[in-house]
1. For Arg81, all conditions in the list (1) assigned to a loop (DSSP other than H, G, I, E, B); (2) basic (Lys, Arg); (3) modelled with pLDDT of 90 or more hold save one; what is the number of the exception?
2. Residues Leu43, Leu50, Leu87: which one is open to solvent by 30 Å² or more (accessible area, probe 1.4 Å) and under 19 Å from the mean Cα position of the chain (by Cα)?
3. Which numbered condition trips up Glu112, out of (1) modelled with pLDDT under 65; (2) open to solvent by 40 Å² or more (accessible area, probe 1.4 Å)?
4. Which one of Gly22, Gly101 is open to solvent by less than 20 Å² (accessible area, probe 1.4 Å), without any contact (Cβ under 8 Å) to a residue 24 or more places away in the chain and not in a loop (DSSP other than H, G, I, E, B)?
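The values are calculated or read from the model by the stated rules, or taken from the named source; none is laboratory data. Keep in mind that what you see is a predicted model, and the values were worked out from it rather than measured. Cβ atoms come from the backbone with ideal geometry, glycine included; neighbour counts cover every protein chain shown. All accessible areas refer to the heavy atoms of the entire protein, side chains included, with ligands and DNA or RNA removed. Shrake-Rupley method; radii C 1.70, N 1.55, O 1.52, S 1.80 Å.
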Amino acid sequence: MTLHVAMVASEAHPYARTGGLGDVLGALPIALRREGVAVTLCLPGYPSALAAANCGEPGQTVHAPIGSRTEPVEFVRLLDRPFDVVLACADRYFRRDFVYGPPGGAYPDNAERFVVFCRAVLEWLRQQSPPPDVLHVHAWQAALAVAFLRANSFALLVTGTGGSLHASHLPVMVREKGQAIVLDMHMAKANPQW
């Protein structure tokens, strides 16, 4: 079984870059791919990302739940890349001149922009078959995905035995015990990870 990691980030070279995060996300998926890990990189569909992509395959539109409404977000899969790259395109939120805001400033709706991004990515990933084995988020703009997952309790248990990885999606209860977060989960005895 090949491990499949879905990376969620607000920037990655060469699609959008403001600093070190973009550099890391430009290199890490390539390094993982060399190790045999399947990678899907999910980024916002900024104009710079769409221009760097030069071509893409229009894909699925999902409706990201945001409070009492939903926001349509189209996912564009980039072609001819060393790993899977998808752009979450929502012009209202991402068709702007800068990634986070003009030099020295920030867009006043950045929180909403990245809530929409995270909710849309989770909805898109939920509809992929098979789903990724690992969700790897980068910086606060993508970390919101973890909060949404926590509110909709499920987890992925990954174990390694005999040189291979095994993964199971499991229902969980999330609770805090002091400074630790504890996941209580149920696994059927017939599961090979038991």
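1. Single failed check for Arg81: (3).
2. Working: Leu43 fails: open to solvent by 30 Å² or more (accessible area, probe 1.4 Å); Leu87 fails: open to solvent by 30 Å² or more (accessible area, probe 1.4 Å).
That would be Leu50, the only listed residue that is open to solvent by 30 Å² or more (accessible area, probe 1.4 Å) and under 19 Å from the mean Cα position of the chain (by Cα).
3. (1)
4. Numbers: Gly101 fails: not in a loop (DSSP other than H, G, I, E, B).
Checking each option against the conditions leaves just Gly22.
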